[in-house]
Amino acid sequence: TVTLRPASGQGFKDAGGAATSPLVYNQANGVAIASSQAFNVAIYVGVNNFFIDGIQLKCTSVDGNALIFQNDPTFSNVKISNSILQTALNSVNGAYTGVIHLRAGTAENLVLNQRGNSNGISCDYPGTVNITNCTIVRPSDISAARAAIYKASGGTVTVINTAGFGFSNYVSGSGYSGSNNASDQA
């Protein structure tokens, strides 16, 4: 089992004023990981039982891959939760790139701030993916493009209580199931 989580009292949820702080990457609010490496992944999930919980993660490079990349639809017990993820990523790999590239596992209670022209969460050719209680935003100073959630054919993607704003589409690709979602799209 691999778990990435801040030590007790060192995460953004523990920062002074946490209840009123904006949910954006802010190193002053606790443990934060920043990457400026072009054409690389900040965190590559290459095993079962991989957990990311309560971190802030940002990539400032506009060229590259997802912040978190999980590329095996057969993996089990992969969970990304309670985190703030921000990127300026442009879609050098076409529709398949997103802030998170997730082929199997769970994304829950996340705030994704996409400041480039890529997707929010990419689920290309997935196994089983569950996306719950996430907010996926392309800020209004960035032109609308791509999708909050991209799903290619195959697999099962379930999206519940998840909002996507500022993208050209809420979901693009071959569909998903779910309920209680919100978007600024018609």
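The values are calculated or read from the model by the stated rules, or taken from the named source; none is laboratory data. Predicted model, so just to flag it, every value in this text is computed and none were measured. Virtual Cβ from ideal backbone geometry, glycine too; neighbours counted across all protein chains shown. For the accessible areas, the whole protein counts, side chains as well, though only heavy atoms, and no ligand, DNA or RNA atoms are used. Shrake-Rupley method; radii C 1.70, N 1.55, O 1.52, S 1.80 Å.
What to note about this one:
- Anisotropy class of the chain from Cα gyration tensor, a/c 1.5 cut: rounded
- Taking a ≥ b ≥ c as the square roots of the eigenvalues of the Cα gyration tensor, the range 2-46 is oblate, since a/c reaches 1.5 or more and a/b is not larger than b/c.
- In the context of the full set of protein chains, the chain has a per residue accessible area of 43 Å² (1.4 Å probe).
- In this calculation the C-beta distance from Asp72 to Ile33 is compared with R0 = 22 Å, giving a FRET efficiency of 0.45.
- The charge dipole of the chain, taken about its Cα centre with unit charges on the Cβ of Lys, Arg, Asp and Glu (plus for the first two, minus for the last two), comes to roughly 20 debye.
- Using C-alpha pairs under 8 Å with a sequence gap of at least 6, the mean separation divided by the residue count of the range 1-88 gives a relative contact order of 33 percent.
- Whether the range 113-152 is rounded, prolate or oblate, judged on the alpha carbon gyration tensor where a/c under 1.5 counts as rounded: oblate
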